[in-house]
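Data first, discussion second: the structure below is written as structure tokens.
What follows draws every value from the coordinates through simple rules; no lab data is involved. In this text the structure is predicted, and so the values were computed from the model without any measurement.
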Amino acid sequence: MSKIMALFAALLFVGTLAGAVVAEEETEGERPDRLARLQEHIEKRLARLADFREHMPDDADTSRLDALEARLEARQARLAECAADREACKAERDAKREEHREATLERMIARTQAALDRIAECRASEDCPADEERLAALEERLENRLAKLEACSSGEDECDMPKRPHGRHPYLKERLRERLQRA
């Protein structure tokens, strides 16, 4: 009986080592494919929607469910297109990001210019509550910001957006990487 126990312990040990090696290989590789995860998520939502429809009364209004199903199916078709041609989707996504970036820069330039105009109006007014020193300091900061924004908008130099979305901030990306490595 001790031979059987020893054999069982050896098999258990080898199985544990093999499992650890497989688990290590999975963690060293890339994350699961994002498109595949999104497609699975949409399939689950469509299945829940079908199940919900099955248990609804026959006289219930299904217009909202129909609209949701149409949106999910359109999204599923779009994800299938992206899975087939990833480069085209990446180029389209990058173009949308650049378009959004340019629109954001234009809005920031307009707001900064409007603030400079308000300072000029305040200076011209006799009822301006701020003193000249404070107005000059504020105007200098706004002019520096405007110069940076215009340089960024014209593409004269590399620049980061003054306000970055939280998910794309380098510090937060690094923190996420560290958390994933520890897990």
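The alpha carbon centroids of the stretch 101-117 and the stretch 127-154 are separated by 12 Å. Separation of the alpha carbons by more than 26 angstrom is noted, of Lys96/Lys173; Lys44/Lys96; Lys96/Lys148, for Lys44/Lys96.
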